[in-house]
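Notes to accompany the following structure.
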Amino acid sequence: MFFITFFAPFLVLASLISCASLDYSQVTANDGSSLFKRQGQKSCLNQNSIQKASSLTGQEKGTQGIKAGQSPSKTDPNNFINFCAGLELTNGKQITSGSCNGVVMGKIPAVSNMISTIITNPKPGDQLTSDTTFNVSIQATHLNAGHFVNPTTNYYTAPQDLGSNGDIIGHCHITVQDIGSMDATTPPDPSKFAFFKGIDDDGNGRGLLQATVDGGLPAGTYRVCTLMGAENHQPVIMPIAQRGAQDDCTKFTVVAKKGGASTSKNQKNGDMNKNQAEEGFVQGGSKGKAAQTKQTKGKGQR
Ligand SMILES: *[C@@H]1O[C@H](CO)[C@@H](O)[C@H](O)[C@H]1NC(C)=O
């Protein structure tokens, strides 16, 4: 009894501080019991996971690293935990009209564990024969390869994670796009591709990964790129800005083999509807409201 009457006010105060996700408007100020109840809920942001840097713009007087032309960062004292409130949530889906994903970015590897990749086949400038199966081969370092979740239901639903060796747990995608010519100056449409494959296995177990382009490609000029992803398909996140790229691209041509029209199923203008059974089903927004329709407030949430 002494505990309740004497300490309850302090407990309520503590819950206000540590339960950063609490929506104060839903609770009357003297409703100690419901504040107390919510303190133990897992949906509360733990005090020791709050990044104080997120409450600063980076442009406060005397801040290290200020340079002309920098933008002030958006701020939030509570890790932007309600950043997506009221918006179309990604909620594990590939939503073609855009969405907002509220899951934390996750674990970031050490510099010594950063991913690096080189495409070893096709080689730059190779002239492949049309409609003929070939392999895209890559050598990657520091990827715990072959790990991917259901892309239809769990797209971006969990943070990037590291294996016991400190390397990112994830997988590599291969994309091949028609670029028209070797000296193309128009960026290819990212929603169109001739070939796309998530490499599901860990290759030779030492970073040599392969995707077979079954049936090859029609004659043309192409760019092949890697697209490194963590387990939940998000692009990999690295510890420092100044680094070599985690991905590689190579350009090559495909020349028509003698006689007849192209028989390749990998047509130049394939799109996201092409491989859905393998790469996850895409869908339009359910609220008819794109993520960008609500302007983000400069400070705080709600
Ligand atoms: C592609 O790689 C696989 C696995 O190493 C191999 O069995 C196959 O022969 C290769 N295909 C071609 C066309 O090189």
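The values are calculated or read from the model by the stated rules, or taken from the named source; none is laboratory data. The structure presented is a predicted model; accordingly, all values stated were derived computationally and were not measured. Here the Cβ positions follow ideal geometry from the backbone for every residue, glycine too, while neighbour counts run over all protein chains shown.
Does Ala184 satisfy the criteria of being small (Gly, Ala, Ser), at pLDDT 95 or above and either within 25 Å of Val103 (Cβ to Cβ) or loosely packed, with under 15 Cβ neighbours inside 10 Å (or both)?
yes
Specify which of the listed residues (Gly98, Gly86) is more than 16 Å from the ligand (Cβ to nearest atom), over 19 Å from the mean Cα position of the chain (by Cα) and surrounded by fewer than 18 Cβ atoms within 10 Å (Cβ to Cβ).
One residue alone meets the criteria, Gly86.
Within region 177-191, identify whether any single residue is closer than 25 Å to Asp271 by Cα and within 16 Å of the ligand (Cβ to nearest atom), and answer yes or no.
No: region 177-191 contains no residue that is closer than 25 Å to Asp271 by Cα and within 16 Å of the ligand (Cβ to nearest atom).
Since Leu143 meets every condition but one in (1) on the phi > 0 side of the Ramachandran plot; (2) surrounded by 14 or more Cβ atoms within 10 Å (Cβ to Cβ), which condition does it not meet?
Only one criterion is unmet by Leu143, namely (1).
Return only the number of the condition from (1) under 20 Å from Asp202 (Cβ atoms); (2) touching a His at 6+ places or on another chain (Cβ under 6 Å) that Tyr155 does not satisfy.
Here Tyr155 meets the rest and fails (1).
Among the numbered conditions (1) in contact with a strand residue (DSSP E or B) (Cβ under 7 Å, 6 or more places away or on another chain); (2) away from the ligand (no atom under 16 Å from the Cβ), tell me where Asp126 comes up short.
Looking at each condition in turn, Asp126 falls short on (2).
If you take the residues of region 129-139 that are within 30 Å of the chain's Cα centre (by Cα) and within 10 Å of the ligand (Cβ to nearest atom), which of them is nearest to Lys258 (Cα to Cα)?
Among those residues, the one meeting the criterion is Phe134.
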